1. Considering only the other residues whose Cβ falls under 14 Å of the Cβ of V430, what net charge follows from Lys and Arg at +1 and Asp and Glu at -1?
2. So for V446, V619, fewest C-beta neighbours within 10 Å to most, what's the order?
3. For S614, S406, which order do you get if you count the other beta carbons within 10 Å of each Cβ and list the fewest first?
4. What 222 nm value per residue comes from the helices of the chain, counting each DSSP H run with n ≥ 4 as -39,500 (n - 2.57) and dividing by all residues, nearest 500 deg cm²/dmol?
5. Apply the a/c threshold of 1.5 to the C-alpha gyration tensor of segment 323-377 and tell me whether it is rounded, prolate or oblate.
6. What do you get for the angle between helix 169-180 and the principal long axis of the chain? Use alpha-carbon atoms, 0 to 90 degrees, nearest ten.
7. How do 544-550, 65-71 rank on mean C-beta neighbours within 10 Å, highest first?
8. Label T650 and H201 with points 7 Å out from Cα along Cα→Cβ: what is the distance between them in nm?
Amino acid sequence: MKQGSAIKKKVEIVELAWIPVSGNRKLAARLFLPRDAVQKPVPCILEYLPYRRRDGTRARDDTKHIWFAANGYAAARVDIAGTGDSEGLVEDEYVEREQDDALEVIAWLSRQPWCSGNVGMIGISWGGFNGLQIAARRPPQLKAIVTSCSTDDRYACDAHYMGGCLINDNFAWGGAFFNYGGLPPDPAMVGEDRWKEMWKHRIDNLPVFPAEWLKHQRRDAFWKHGSVCEDYDAIECAVLAVGGWLDGYTPTILNLVERLKAPCKGLIGPWGHKEPHEGVPAPAIDFLTECKRWWDRWLKGIETGVEKDPDIRLYIMDYAKPVPHFRERKGHWLGFKEWPSKKIRRKPMYLAGSNLVERKPRAKSERLSICSPLTVGIRGQEWCPYGQGRVAAEGATDQREDDGGSLCFDTAPLRAPLHLVGNSFVRLRVAADKPQALVAVRLNDVAPDGTSAMVTFGILNLSHRESHEFPTPLKPGKFYDVVVPFKSIAQTLPKGHRLRLAISSSYWPTAWPSPDAATLTVDAARSAVDLSTLPGFTGLGGVKFGPAQGAPDAPMTEIVPDRETRTLHYAVETQTTTFNIKSDDGRYILDEIGTEQTSTRTKTYSIQREDPTSARSVVTVTQTYKRGDWDAGFDSEVAVSCDAKFFYLTAWVKAYDHGRLFASRDYKEKIKRDCM
């Protein structure tokens with residue numbers, strides 16, 4: 001992948017450039033410039049994040065932005081206010097002030113003597129989100145964006161709620177962001193005389209972000225802000241939307257390609273929450289060259305043929321045995337000239353007894369009930385696999401244990417391969433014996449030996465059956481017709497395998513359980529699965545990518561290697577299941593700046609088998625920075641529990657200077673459940 005250190009000779013790196021913004025503040029930037037850019041100005045690519053450009057994302061920044069600079073583009077990696085070395089405070093995700101600052105940053109970049117005046121934006125996750133949001137603000141200098149693993153709808157498709165259900169990523173991600181918001185600036189950047197003052201100011205004003213998100217359990221104005229689906233037409237610049245099937249945000253790519261009037265193309269691989277040139281899981285692709293083709297067309301006016309690319313280039317995955325660690329996912333690339341594609345066929349499948357059949361059954365009613373153990377879901381993948389250690393380590397395992405606590409409906413062995421591509425959904429006629437309940441649905445690939453591999457899943461808070469904005473409790477015993485979308489997917493089920501629909505009344509730890517253990521009754525005769533299928537691959541070939549390219553990562557010296565552990569513990573006496581995930585980035589030195597770093601994140605989820613109010617999540621994060629006389633540490637924790645009416649959240653932070661307590665805070669919140 002790497003092209004050697006010779007590529008750096010073409011690039012000038014400015015370690016710190018201060019960008020002035022309103023409020024008498026300055027944002028910290030790291031610049032990557034072609035060495036002749038002042039003589040021959042070039043467009044600039046902006047990446048705008050809260051993840052510490054100096055030491056947090058340095059390795060991946062070098063890989064990407066040095067390559068861009070060596071190939072005819074300036075690049076700017078800018079810390080959002082209150083993060084890294086930038087002045088001010090980080091208020092929350094995607095606030096208006098963040099966008100306002102970005103408009104000023106873009107204008108500043110466009111005026112620099114090395115810039116041609118045109119700007120693009122690139123980013124994964126947060127940087128993909130704000131790329132879309134800032135594009136919707138229409139700064140005249142912004143001509144194109146590349147958005148990876150991002151969302152068009154902050155409520156329906158983000159790490160807080162799914163199908164109107166509270167998901168544990170609200171606390172997993174929220175606990176991490178809570179920690180990021182209190183990290184210190186680097187004294188070498190902001191000055192030995194003021195870094196502690198800035199650090200203390202950040203800690204004194206640090207909100208508990210997951211608590212704030214939990215106060216908005218409906219799709220209200222809080223979530224509509226920054227959701228570009230509120231007005232797709234606001235985006236006028238060209239958009240390349242990118243992601244992976246394992247990632248939590250994949251549906252956004254299909255939405256953007258279908259609904260944007262601006263030029264838009266989609267690219268979806270087998271990856272988790274990673275960029276395509278990283279290839280987690282493999283195969284990686286030459287993503288940076290794809291970006292350059294995009295930039296060349298929209299920032300330089302060079303005809304590169306990107307308009308003639310298929311609307312969607314996607315990787316359809318072959319069957320793979322269910323394992324938690326995918327290093328590679330076999331499959332092949334397809335290109336859909338237009339999306340939605342006329343090549344996609346809707347295939348209804350009907351529920352009959354324990355079967356999925358192609359002909360609608362004659363029975364007028366067939367009622368089946370389920371009250372799932374609260375641990376159904378423990379074998380599923382994480383909502384958003386990050387691919388720790390360069391493998392997709394958060395994948396689903398054999399689903400048979402979860403299937404055992406679900407209503408299952410199987411097809412006969414397939415007579416030919418079944419290609420699922422796009423958005424499938426299930427229509428259920430369902431009743432619950434409680435006013436609050438959720439339903440989870442999974443499509444699994446059942447091999448001849450009985451192994452059950454997850455293909456995709458969906459969840460729905462049944463009080464949100466008609467609206468995420470205006471939920472209403474259920475009337476116990478009343479049947480409702482609901483639609484549950486599955487997460488977008490492209491996967492082939494082989495001949496001889498069976499397709500299984502599994503329905504459960506719980507899905508932990510992905511979704512927080514309903515306040516009471518509800519029994520669902522499904523009228524199978526009035527329910528059906530609507531599959532999005534592809535009959536064959538004729539006319540969809542020709543999609544090829546070269547091997548991944550990039551500049552060398554920032555050099556580092558490893559002292560202790562990184563590792564991730566995932567353990568399950570079941571206490572027989574209390575019937576409590578505890579799921580513990582620890583991600584440890586190890587200990588290493590960033591050689592160019594001499595900073596020694598550590599970072600750990602621990603997530604602990606626990607629940608009793610039959611008591612939904614026993615659910616508890618604890619997220620603990622630690623960070624340390626050492627260099628010369630600089631020795632700073634920051635620890636934080638967020639813990640969440642509940643009863644039938646309220647959520648209870650406690651949190652703390654502790655900051656250390658040379659091992660001595662520098663500052664600390666404690667938090668406590670009681671938040672009413674709202675149809676949740």
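1. Working: positive: R367, R427, R429, K434, R465, K475, K478, R526; negative: E366, D433, E466, D481, D523.
My count for the surroundings of V430 gives +3.
2. Numbers: V446 21, V619 26.
Lowest to highest Cβ neighbour count: V446, V619.
3. Values: S614 18, S406 25.
Listed from fewest to most nearby Cβ atoms, that is S614, S406.
4. After summing the helix terms and dividing by residue count, I get -4000 deg cm²/dmol.
5. Working: a/c = 3.22, a/b = 1.31, b/c = 2.46.
Oblate, because a/c is 1.5 or more while a/b does not exceed b/c.
6. Approximately 20 degrees, to the nearest 10.
7. Top to bottom by mean Cβ count within 10 Å: 65-71, 544-550.
8. 3.3 nm
Read-outs throughout are calculated quantities, based only on the coordinates presented, and are distinct from any laboratory measurement. Bear in mind the structure is a predicted one, so any value in this text is a computation, not a measurement. No Cβ is skipped: glycine too gets one built from the backbone with ideal geometry, and neighbour counts run over all protein chains shown.
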